[in-house]
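What follows is calculated from the coordinates using simple rules that are stated; it is not laboratory data. These numbers come from a predicted model, not from an experiment. Here Cβ is always computed from backbone atoms with ideal geometry, including for glycine, and neighbour counts include all displayed protein chains.
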Amino acid sequence: MSTIKEYLTADHARCDDLFASMEDSASRSIKDAKASYDIFASSSERHFQMEEKVMFLEFEAKTGMTQGPTAMMRQEHTQMRSLVSQMGEAIADENKDRFFGLSETLMILMQQHNMKEEQMLYTMAQQHLNADSDRVVEMMESMIVE
Amino acid sequence: MELNGLSIDQAPPISAPVRFYLTAPLFAILAGFFMFFSDASTLSSRYSLDTIVITHTLTIGFLSFIMLGSLTQMLPVLAGVVIPKVDKVSKIAHILLVAGLISMIYGLHSQNTDANTLAMLLLGVGFSMIISVIVMAVIRVKNFNATVKAMSVSLFFAIFTILMGIFLLYTYIDDDIAQYRYIISNIHSVWGIFGFAGILIIGVTFQVLPMFYVAPKFKQFCKKKVVWLISFGLFLWLFTTIFYEPLSIVAKGWVSLFFWAFATTVWIKLTRRKRPISDVTVWYWRSASVLLTIGSFVWIFDEYFSHEYVVMVSVMFGGFILSIMTGMLYKIVPFLVWFHLNAMGYMTIPTMNEMIDKRLSKIQFFLFMISLVGFVLAFYIPISLQVASLSFIISMMILQYNVIAPMLIYIKIKKTKPDFDMSAFATT
């Protein structure tokens, strides 16, 4: 089974691919981008929740750090959720320029965020939760998105 | 493990990188005017004072300013380290570097010893200050990735490039040591272009290309070995140049080979990228790749023509580095404006694409490309230097405007403090 770091890093890559295919379909027709947008939006939401409801909680319980890096990552999730929902509105309004303006912003924000997680937080989480790694990954995999 | 980099509060203030970004195009415009008022035959010698002034207005004023500004912004994100007192240091270093560069331009132009001495002092202190705090941050990095490693190696070459630069400036003050000028300036330029700028660009590309364009990742061989192989080549070149000049062509070939391979890899990865968008930043990556390829070959070719084509080599490598830097400005400035405003709680912020006029940035790109072609043509048709310079000046003026525009949005939003967006709480 993959480690926490490997599992979540692979999920970032999966979300990046879905992001790219959403932009691809939006560049062809903004009207038809709804389906690929929905897949990207639900996948990224699932990723956020896997962290917020499973990994961050385990990490905080183990390290006692509740106001540290996980708080910052939650804050950035909020910023990204806001952009994702605005992109949904832009598709509904069939406003292509606005959609790509938002997607460009989200892309850079998302990549900065992923980089911090992959370089630092996941490495740290893997160190602290090494013994429980399989259990944490299983919990993330079987989690039901709310 | 250092986690301060994960904090928005401890991300460098927007002023740290942006002060460098805002003055960079100004120096490029100035360099454009110097070229306009110079002539092709003077500029075809790399040792003429005009050439030295123009080169340094661009390399210090434009290239190193953007590289230093970007290092202050990227290190905390990439490596999770905080640069100590980054706001204060970048502010003072920036003032010293601007004053030092102006003093150097004046000193070299008018052969004024006092101005050159002052320039040496200001540039020396300015560069030392900012590079020291960056090095202090790098030392604390625990989790080195390929990009941070490349940044460290690039800083090593930067330090030597600057030390040699200060020495070279001193040769214009004390004539007794002018005999060393040729060899030191040769090392200074090659280490500056390939060691400082080249390696930094390669390191940042490892991250940026797969991330921002969803391009395939670089292979482990590239990430782990290429920077060391290039560094080895640069040392080999140094030793052969000093001790056995005829062999230096081998080292040149070695360094060129890896840069050419890098340029080709960039082109292939861009072609295979999953993100379909093709904006001006993609064009700049493409042009950088082409210019670096041509530059690498002409650099070798030049060896067989007693360095007749050295100006063409400089135009190609200069065009390569300027392309990367300009493309990066188009991404980073609007993002920083958005990011800092958003972190302050403002929700009604223009998107990145609304901050910079796309049409203008495309015009800027074409004018820049026309200027490069003109600079090469000036080799055969002298008058085209003036046409190329004009095109370059206008292109850099547009770039200046494109950097200022997002900053004006930032200032306006902070000043007018629009109400926080409450639409998320609306009932309908």
Within 14 Å of chain A (Cβ to nearest Cβ) and within 17 Å of residue B:333 (Cα to Cα): does that describe residue B:16? no
Does at least one position in the range A:52-70 carry a residue that is within 17 Å of residue A:15 (Cα to Cα) and touching an Asp or Glu at 6+ places or on another chain (Cβ under 9 Å)? no
Flagged in the range B:257-296 as of a type outside the set (Val, Ile, Thr) and touching a Phe, Trp or Tyr at 6+ places or on another chain (Cβ under 6 Å), in numbering order, are B:270, B:273, B:275, B:283, B:288, B:289, B:291, B:292, B:295, B:296
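Does the range B:368-393 hold any residues that are part of a loop (DSSP other than H, G, I, E, B) and hydroxyl-bearing (Ser, Thr, Tyr), and which are they? Show your work before the answer.
Residues of the range B:368-393 part of a loop (DSSP other than H, G, I, E, B): B:378-383.
B:380 - this is the single residue of the range B:368-393 that is part of a loop (DSSP other than H, G, I, E, B) and hydroxyl-bearing (Ser, Thr, Tyr).
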In the range A:15-36, how many are in contact (Cβ under 8 Å) with a residue 40 or more places away in the chain and not in a helix (DSSP H, G or I)? 1
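State all residues of the range A:25-57 that are charged (D, E, K, R) and buried (at least 19 other Cβ atoms within 10 Å of the Cβ); if no residue qualifies, say none.
Across the range A:25-57, the qualifying residue is only A:51.
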Among the residues of the range B:137-154, is there at least one that is more than 27 Å from residue B:202 (Cα to Cα), surrounded by fewer than 18 Cβ atoms within 10 Å (Cβ to Cβ) and without any contact (Cβ under 8 Å) to a residue 24 or more places away in the chain? no
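Residue-by-condition table, conditions (1) crowded, with 22+ Cβ neighbours inside 10 Å; (2) of a type in the set (A, V, I, L, M, F, W, C); (3) under 21 Å from the mean Cα position of the chain (by Cα); (4) within 14 Å of chain A (Cβ to nearest Cβ):
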site	(1), (2), (3), (4)
B:197	yes, yes, yes, no
B:210	no, no, yes, yes
B:232	no, yes, no, no
B:240	no, no, no, no
B:243	no, yes, no, no
Take residue B:285 and decide whether it is surrounded by 14 or more Cβ atoms within 10 Å (Cβ to Cβ), within 17 Å of residue B:215 (Cβ to Cβ), touching a Ser or Thr at 6+ places or on another chain (Cβ under 9 Å) and aromatic (Phe, Trp, Tyr). yes
Among the residues of the range A:124-145, is there at least one that is among the small types (Gly, Ala, Ser), in contact with a Ser or Thr (Cβ under 7 Å, 6 or more places away or on another chain) and touching a residue at least 40 places away in the same chain (Cβ under 8 Å)? yes
Among the residues that make up the range A:84-103, is at least one of them surrounded by fewer than 18 Cβ atoms within 10 Å (Cβ to Cβ), of a type in the set (A, V, I, L, M, F, W, C) and outside any helix (DSSP H, G or I)? no
Would you pick out the residues in the range A:35-61 that are within 14 Å of another protein chain (Cβ to nearest Cβ) and of a type in the set (Lys, Arg)? none
Can you tell me which of A:70, A:3, A:78, A:9 is in contact (Cβ under 8 Å) with a residue 60 or more places away in the chain, within 13 Å of another protein chain (Cβ to nearest Cβ) and of a type in the set (Ser, Thr, Tyr)? A:9
Of the residues in the range B:264-310, those that are more than 23 Å from residue B:363 (Cβ to Cβ) and of a type in the set (A, V, I, L, M) number 7
Please return the ranges of helices (runs of 4 or more DSSP H) entirely within the range B:269-367 where 1 or more residues are more than 11 Å from chain A (Cβ to nearest Cβ) and of a type in the set (S, T, N, Q). B:280-303, B:310-343
Can you find even one residue in the range B:45-53 that is under 20 Å from the mean Cα position of the chain (by Cα), of a type in the set (A, V, I, L, M, F, W, C), closer than 28 Å to residue B:134 by Cα and part of a helix (DSSP H, G or I)? yes
Any residue that is over 20 Å from the mean Cα position of the chain (by Cα), farther than 25 Å from residue B:184 by Cβ and assigned to a helix (DSSP H, G or I) - is there at least one of those in the range B:139-146? yes
The correct count of residues that are of a type in the set (Phe, Trp, Tyr), surrounded by fewer than 19 Cβ atoms within 10 Å (Cβ to Cβ) and under 22 Å from the mean Cα position of the chain (by Cα) in the range B:213-230 is 1
In the range A:104-125, the residues that are within 7 Å of another protein chain (Cβ to nearest Cβ), within 26 Å of residue B:276 (Cα to Cα) and out of contact with any Phe, Trp or Tyr (no Cβ under 9 Å at 6 or more places or on another chain): A:115, A:116
Please count how many residues of the range A:13-31 are touching a helix residue (DSSP H, G or I) at 6+ places or on another chain (Cβ under 8 Å), more than 17 Å from residue A:85 (Cα to Cα) and more than 10 Å from chain B (Cβ to nearest Cβ). 1
